[in-house]
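Worksheet: one structure, shown below.
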Amino acid sequence: MEPSSGSRGAWPAAAAVAAVLPAGGSGERLGGATPKQFCAVQGRPLVSYTVRAMERISWISDIIVVVSPENIETMKSIIEKYGHKRVTIVKGGITRHRSIFNGLKVFTENEFSSHLLQKPEVVIIHDAVRPFVEEDILSKVVMAAKEHGAAGAIRPLVSTVIASAADGCLDHALERARYRASEMPQAFVFDIIYKAYQQCTDYDLDYGTECLHLALKYCKTNAKLVEGTADLWKVKAIITSAFFLITDNLSQEVCVTTDVKEDVAQVGFLLHESLKSQIKVEALSMSLSKNHSHLQDIFSGQCYNFVCINDKKYAIEETQQLVDTLEKSNIPLLYPVVLILVHLDVSEDTSCSIGMEELTSIKKFA
């Protein structure tokens, strides 16, 4: 996974631009033990992808990553490991707004950095857990901020927003077509957003979440709203969320199934040996898989990961039998089901061709 930056929009080359990435979240809403910004995606922390997306854009002079005090050393190691440049780490506050304010202070105060960075004309604020950000949308919000003082990406509401009364009953619903969801990235003339943070109350800092609202409330700056690509962002958010949910909740046991032929059984044995130090592995012969009670025991043990190895080209009968047994078991699925089919070609025929009949059967099975 490597976020792209693209270059479809005009570059705001005439403006000095910096980016502040709040990354101080604890991951409580996600429910995982590791804050989501530090969760690994293909072996690399998510925050590293976001930093990389910003690094690719030459007109962003400084990237400020704001992390909680206990994660400063972790962030330093990430920067060193992946060779990130133009990055300054800042200690975050107890809330999102306080963290962003700390990130802005590196351009005006020595409290959070040993030296002051050059104050930008425009500052981008973007979540560290959103690596899918392209240069096009960043350019649009920066140029809009230069003109209007503030700008932010938006998308249509996916769900209707309702308000509840004091008794817990429905009070009223908003007309969805009239409202938009505020998204990232956002951009501001630096002096405007910094002044807004200087003037806002402790209540704003502790309970507020919307930077555009601070610019409006304290600096009378009406932000320009920039339409984002709603469908694409929605899909990416779902994929990212699904990854973390599966990573945290995937069954920690795998069942390797093979037929009784020596070559296939040997591959199953080697796979068992290579995996057993990392995860609990159950080996199952296809001849045994006809014993439904044995499969039932595997399912009951909360094993829902299967690697099915055979030497029958595009044969799915045995795998179909396994799926049918799972469907008929009526056992509640506590984890996602992962099914990997492996074809071991031991013949001398190296052709990779596949007929329409085989393709249709695989598609139907999937």
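The values are calculated or read from the model by the stated rules, or taken from the named source; none is laboratory data. This is a predicted model, so every value here is computed, not measured. All Cβ positions, even for glycine, are placed from backbone atoms using ideal geometry, and neighbour counts span all protein chains on display. Surface areas here come from the heavy atoms of the whole protein model, side chains and all, with no ligands, DNA or RNA. Shrake-Rupley method; radii C 1.70, N 1.55, O 1.52, S 1.80 Å.
Data overview
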item	result
Test result for D127, part of a helix (DSSP H, G or I) and under 22 Å from the mean Cα position of the chain (by Cα)	no
Evaluation of K146 against (1) touching a residue at least 60 places away in the same chain (Cβ under 8 Å); (2) within 20 Å of R98 (Cα to Cα); (3) in contact with a strand residue (DSSP E or B) (Cβ under 7 Å, 6 or more places away or on another chain); (4) of a type outside the set (F, W, Y) (one fails), failing number	(2)
Output for the stretch 177-223, where each listed residue is touching a Phe, Trp or Tyr at 6+ places or on another chain (Cβ under 6 Å) and free of Cβ contacts under 8 Å to residues at least 40 places away in the same chain	A196, Q199
Filter pass, H172 being in contact with a strand residue (DSSP E or B) (Cβ under 9 Å, 6 or more places away or on another chain) and either under 22 Å from E210 (Cα atoms) or not aromatic (F, W, Y) (or both)	yes
Members of the stretch 200-212 found to be closer than 23 Å to A144 by Cβ and either open to solvent by 20 Å² or more (accessible area, probe 1.4 Å) or in a helix (DSSP H, G or I) (or both), listed by number	G208, T209, E210, C211, L212
Residue within the stretch 122-134 that is surrounded by fewer than 17 Cβ atoms within 10 Å (Cβ to Cβ) and at pLDDT 90 or above present	no
Candidate set from the stretch 298-326 (those that are of a type in the set (F, W, Y) and at pLDDT below 75); member that is surrounded by the most Cβ atoms within 10 Å (Cβ to Cβ)	Y304
Verdict on S26 being modelled with pLDDT of 85 or more, surrounded by fewer than 22 Cβ atoms within 10 Å (Cβ to Cβ) and either under 13 Å from the mean Cα position of the chain (by Cα) or not in a strand (DSSP E or B) (or both)	no
Enumerated strands (runs of 3 or more DSSP E) restricted to the stretch 143-188, each holding at least 1 residues that are open to solvent by less than 20 Å² (accessible area, probe 1.4 Å) and modelled with pLDDT of 90 or more	150-156
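Here is a yes/no grid of residues against (1) assigned to a loop (DSSP other than H, G, I, E, B); (2) closer than 22 Å to L117 by Cα; (3) open to solvent by 10 Å² or more (accessible area, probe 1.4 Å); (4) not assigned by the TED database to the domain that holds I125:
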{"site": "A53", "(1), (2), (3), (4)": "no, yes, no, no"}
{"site": "I72", "(1), (2), (3), (4)": "no, yes, yes, no"}
{"site": "M75", "(1), (2), (3), (4)": "no, yes, no, no"}
{"site": "K85", "(1), (2), (3), (4)": "yes, yes, yes, no"}
{"site": "T88", "(1), (2), (3), (4)": "no, yes, yes, no"}
